[in-house]
1. Considering only residues of the range 316-357 that are outside any loop (DSSP other than H, G, I, E, B) and among the basic types (Lys, Arg), which is farthest from VAL425 (Cα to Cα)?
2. Quick one: in the range 295-344, which of the residues that are farther than 16 Å from ALA384 by Cα and of a type in the set (Asp, Glu) is modelled with the highest pLDDT?
3. Would you check which residues across the range 229-261 are within 25 Å of VAL307 (Cβ to Cβ) and either under 15 Å from the mean Cα position of the chain (by Cα) or surrounded by fewer than 21 Cβ atoms within 10 Å (Cβ to Cβ) (or both) and list them?
4. Could you list all residues from the range 291-328 that are surrounded by 21 or more Cβ atoms within 10 Å (Cβ to Cβ), over 14 Å from the mean Cα position of the chain (by Cα) and within 21 Å of ARG148 (Cα to Cα)?
5. Among the residues of the range 366-394, which ones are at negative phi and within 16 Å of ligand 1 (Cβ to nearest atom)?
6. List pairs: first in the range 304-315 and outside any strand (DSSP E or B), second of a type in the set (A, V, I, L, M), Cβ under 6 Å, 6+ apart or cross-chain?
7. When you scan the range 280-296, how many residues do you find that are of a type outside the set (Lys, Arg), more than 12 Å from ligand 2 (Cβ to nearest atom) and touching an Asp or Glu at 6+ places or on another chain (Cβ under 9 Å)?
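The values are calculated or read from the model by the stated rules, or taken from the named source; none is laboratory data. Every value quoted in this text rests on a predicted model; they were computed, and no experiment measured them. Neighbour counts are summed over all protein chains in view; Cβ atoms, including those assigned to glycine, are modelled from backbone coordinates with ideal geometry.
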Amino acid sequence: MVMPSVLIIEDDDDSRLAIAKLFARANWKVLEAADGDAGVELAIRDRPEVILCDLLMPKSNGFQVCRTIRQQLQPTKIIVVSGRDYPVDRASAMEAGADEYLLKPITWEALSDAIDRLLPATPRPPMATKLSFLMIRRPPRVKLWGVRGSLPTPGPKTVRYGGNTSCVEVRADGEIIVLDAGTGIHGLGLALDKELGAQTIKVTLLITHTHWDHIQGLPFFSSVYNGKNLIRILGYEGARAGLATILAGQMETPFFPVSLRELPSHLAIEELKEMEFHIGKVKVVSKFVNHPGICAGYRLYTSAGSVAYMPDNEPYEFLKVQVAEKDGIDGDQARSFAETERAKMVEFLRDCDVAILDGQYTDEEYQRHVGWGHSPVSSAVLLARDANVKKVLIFHHDPTHDDDRIDQMIEQARDLVAESGHSMVIEGAREGVEIVLEKREAVRVKG
Ligand SMILES: [Zn+2]
Ligand SMILES: [Zn+2]
C-alpha cells in the first residue's frame with residue numbers, strides 16, 4: 001500500500017507543525033516548506049497527491065504558488081488555507097488553480113472532508129513493480145510509430161513508410177520512453193492499452209520541441225485519459241513560453257474539447273534544466289540543435305546500446321556560408337564555425353547503435369530550403385558515418401515525398417556511404433518497424 005503524501009507550504013512554523021501532525025496521525029507522508037519558492041521546488045520534485053498552501057507568504061505568495069504548481073502538476077490537488085474570508089481572495093485562488101479554499105484554524109474534520117471531495121475514487125499512484133518486471137525480461141528495443149515531418153500524410157502513396165508524424169518508443173531497462181508526441185502516438189496508446197490492460201501504464205515522454213508535428217498527437221494519446229496511468233512529460237522551456245503553457249495551449253477550447261487540466265491520468269510536466277539526466281537506469285544526454293526556436297536532440301544509453309534521436313536539425317555548413325556571402329561576413333570564419341559545430345555533433349553521435357536523424361530533403365531540394373531548419377539526407381548520413389554510427393534511420397520525411405521517392409533517396413544515401421568504403425546500415429525510417437537492441441554490435445530488424 002502506497003502512503004499518500006501531502007506538502008504543507010506555510011511560513012508560520014506553529015501552524016505548519018499543527019497541520020503536519022494532523023496528517024502524520026492519519027498516516028500521510030508529510031513534506032514541509034516554509035516559503036512559496038521552496039514549496040514549488042518540493043512540489044515538482046516529489047509530486048504529492050495534495051498540497052496545502054497558505055496565501056500570504058514571503059517570496060512567492062500563495063496565488064503565484066498555485067499558478068506555478070498547477071501549470072506543471074495537473075493531478076495534484078491544491079487546498080488553499082487562509083485566515084481571511086474575502087470572496088475576491090477565494091475567487092482568485094480558484095482561478096489560480098486551487099481546488100479548495102479552507103479557513104484557518106484548520107480542523108482535521110474540515111481537511112478530511114475536503115480530501116474526500118477531491119480524491120473520492122482516485123486511485124493512489126500504483127506500484128509499477130509487476131509492469132517493470134515484465135518489461136525487464138524483454139530485450140531493449142525501439143519502435144517507430146510516426147516518421148513523417150511537418151504534416152501527417154496518409155494515402156496510398158505513403159503506406160510503406162507511413163504518414164504519421166514523429167513518435168518513437170524506446171523500451172529499455174524497465175522504462176517506456178517515448179520520443180515526441182506527433183500523431184504516431186495515437187497508435188502507441190492503443191497498443192499500450194491492449195498490451196497492459198488493467199495494469200498501470202508508466203510512460204516518460206521526451207519532447208524535442210513543440211512544433212505541431214511533435215506534440216499534436218498528445219490529446220489523442222489514450223494513456224492520458226485513465227487515472228491509473230503515470231505520464232511524465234519532459235522537455236525544455238520554449239523560446240516564448242514554458243513547456244506546460246504550450247502543451248496546455250493546444251488543448252484550449254477553440255482547438256480541443258478537453259483541457260490539459262482535465263486529463264485524469266497522473267500527468268506531470270517537467271521542464272528540463274540539465275543536459276544530462278536519468279530516466280530510471282537509462283542515461284539521457286541532450287543537445288540543442290539548429291532548428292527554429294528551442295529544439296533538442298536526445299541520446300539514450302540503455303543496457304543494450306544507445307539510441308540517438310535528432311528529428312529536426314539543419315547542418316551549419318551550407319547555411320553559415322550562404323548567410324556569410326549574403327551579409328558580407330568573412331567566409332573562412334563562417335566555415336570554421338560550421339566545422340566546430342559539426343564536430344560537436346559528431347561527438348554527440350559517436351559510436352551510437354541506432355541514430356534517428358533528420359533527412360527531410362534531397363540535396364537539390366535543400367538548395368531551395370536553406371535556413372528552414374532541416375537536413376538533406378547526404379549531410380545526415382555523412383555525419384553518422386563520421387561518428388561511426390552503426391545504423392542510421394533517415395527520419396522526418398517530407399510530406400511531398402511518396403514511398404518511391406524515399407526509396408530513391410535511401411538508395412542514393414547508401415551509394416554515397418559505400419563509395420567511402422563504410423559499412424554503416426542505412427534505412428528510411430518506416431512506421432511500425434521495431435529494432436531490437438542487442439548487447440553486441442549487431443542490431444536486428446523485424447516487422
Ligand atoms: Zn518536425
Ligand atoms: Zn520543428
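1. LYS326
2. Ranking the qualifying residues of the range 295-344, first place goes to ASP332.
3. So in the range 229-261, the residues within 25 Å of VAL307 (Cβ to Cβ) come out as 229-238, 243, 247.
Of everything in the range 229-261, those that are within 25 Å of VAL307 (Cβ to Cβ) and either under 15 Å from the mean Cα position of the chain (by Cα) or surrounded by fewer than 21 Cβ atoms within 10 Å (Cβ to Cβ) (or both) turn out to be LEU230, ILE231, ARG232, ILE233, LEU234, GLY235, TYR236, GLU237, GLY238, LEU243, LEU247.
4. Once the filter is applied, which keeps residues that are surrounded by 21 or more Cβ atoms within 10 Å (Cβ to Cβ), over 14 Å from the mean Cα position of the chain (by Cα) and within 21 Å of ARG148 (Cα to Cα), the range 291-328 yields HIS291, VAL307, ALA308, ASP312, ASN313, GLU314, PRO315.
5. The first filter runs over the range 366-394 and keeps only residues at negative phi, leaving 366-370, 372, 374-387, 389-394.
Those that are at negative phi and within 16 Å of ligand 1 (Cβ to nearest atom): TYR366, HIS369, TRP372, HIS374, SER375, PRO376, VAL377, ALA380, LEU393, ILE394.
6. Cβ pairs passing all conditions: ALA304/LEU437; ASN313/VAL289.
7. If we filter the range 280-296 for residues that are of a type outside the set (Lys, Arg), which is where we start, we get 280, 282, 284-286, 288-296.
Subsequent filtering for residues that are more than 12 Å from ligand 2 (Cβ to nearest atom) retains 280, 282, 284-286, 288.
Then keep just the ones that are touching an Asp or Glu at 6+ places or on another chain (Cβ under 9 Å); that gives 280, 282, 284-286.
Here the count works out to 5.
Each row is one residue, and each column tells you yes or no for (1) touching a Lys or Arg at 6+ places or on another chain (Cβ under 6 Å); (2) without any contact (Cβ under 8 Å) to a residue 40 or more places away in the chain.
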| position | (1), (2) |
| --- | --- |
| LYS344 | no, no |
| PHE348 | yes, no |
| THR362 | no, no |
| GLU365 | no, yes |
| GLY373 | no, no |
| LEU383 | no, no |
| ILE394 | no, yes |
| ASP398 | no, no |
| ARG414 | no, yes |
